[in-house]
1. Looking at the range 321-342, which of its residues are at pLDDT 95 or above, farther than 15 Å from residue 292 by Cβ and in a loop (DSSP other than H, G, I, E, B)?
2. Would you confirm whether any residue within the range 244-260 is outside any strand (DSSP E or B) and closer than 28 Å to residue 364 by Cα?
3. Exactly one condition in (1) surrounded by fewer than 24 Cβ atoms within 10 Å (Cβ to Cβ); (2) under 21 Å from the mean Cα position of the chain (by Cα); (3) in a helix (DSSP H, G or I) is false for residue 152; which is it?
4. Please specify each residue of the range 197-212 satisfying the condition of being outside any loop (DSSP other than H, G, I, E, B), at pLDDT 95 or above and out of contact with any helix residue (DSSP H, G or I) (no Cβ under 7 Å at 6 or more places or on another chain).
5. Any idea which of 230, 217 is touching a residue at least 12 places away in the same chain (Cβ under 8 Å), part of a loop (DSSP other than H, G, I, E, B), within 24 Å of residue 285 (Cα to Cα) and touching a strand residue (DSSP E or B) at 6+ places or on another chain (Cβ under 9 Å)?
6. Could you please find all residues in the range 165-212 being free of Cβ contacts under 8 Å to residues at least 24 places away in the same chain and closer than 19 Å to residue 127 by Cα?
7. Inspect all residues belonging to the range 110-119 and state whether any of them is part of a strand (DSSP E or B) and touching a residue at least 60 places away in the same chain (Cβ under 8 Å).
8. Could you tell me how many of the residues in the range 261-278 are part of a helix (DSSP H, G or I) and either modelled with pLDDT under 95 or closer than 19 Å to residue 216 by Cβ (or both)?
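The values are calculated or read from the model by the stated rules, or taken from the named source; none is laboratory data. The shown structure was predicted, so the numbers you read here are calculated from the model rather than taken from an experiment. Positions of Cβ are backbone-derived with ideal geometry, glycine not excepted, and every protein chain shown enters the neighbour counts.
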């Protein structure tokens, strides 16, 4: 890799905080910048459907923001998902995974589509995504969901409820029912066909995601809600037991617990939950913001590159029509800069540019309302590019939102 590897404290939500580092800080090893190392290797995985469209736009924005901060990227595009199935016969070729492992960060578009829906499980695009997460050993999925002031009227909630909403879902990513064994198909004692999966978590899997969640909550409003189904599931009972144990390391964070069916109807600041509940709740939270096309995510592990992707799907019904909203992928690129590379200034350029573009009234179809300017994927990208350049002054609203509301949680990476 072009950038050296150094051990850093995963304290990504600290903003000039005087709070002491916990007794047992969680650490993450990733590619961090230095005064001399300003070239990074980035693996691009466009995938399927609208994936190639949004990745193309995000790549241009990423390049410009980085160049303005003296950063250079070396991109390598690799097949994954349905595209890889058509090309190689598998959803995640060995070469793709190896390239991703050797890079400084990975930016993913979207995978899947009707074409491959009837494939056997091991030949589905989604299997490739699970294999990628497992291969990169990224277990902590951070999914922010913020209602931007420009889009508050697009929310499915009443304005007085949606205004100012700023959620963070901390989702465990590599355990639980998606990976648990035994799993498969068979017959029961009556000879009937059955399908079965196993929800299983080891203590270390819960402990490490809990520490990240407590750190996240500590740098936000000091409140953490752990979501489970401990009234029914033994795996959830164990989850709650371990989260309570880890809470002793964070006496300054208020911990609460809630069953997932109740949590689906509530608004929280910071949530920590298992793989399947996190998947569902974060997708649900997207509608609070007005569109799933607005939400980025970061997946991090203890070593190696992070995986950054929008939470939306491949939307095959609009693929190739220039209708996709690229903002979630652009904001995922900002998270790549910030969380993956420690390049905070370049990341903030992108965040501010998105706000400024929205403030100037540009909207893709999913977030359009009367009085705004309807644009396609490419034009939205072009307008964000204009705002990335420092010559384009930031609007008053965009500046105020960045300074006062902190749409994306600011942080600094602290060297141990």
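1. The answer is 321, 322.
2. no
3. With respect to (1) surrounded by fewer than 24 Cβ atoms within 10 Å (Cβ to Cβ); (2) under 21 Å from the mean Cα position of the chain (by Cα); (3) in a helix (DSSP H, G or I), residue 152 is out only on (2).
4. Hits for the range 197-212 are 204, 205, 208, 209.
5. 230
6. Scanning the range 165-212 gives 180, 181, 182, 183, 184, 185, 195, 196, 197, 198.
7. Yes - at least one qualifying residue is present in the range 110-119.
8. Qualifying residue count, the range 261-278: 6.
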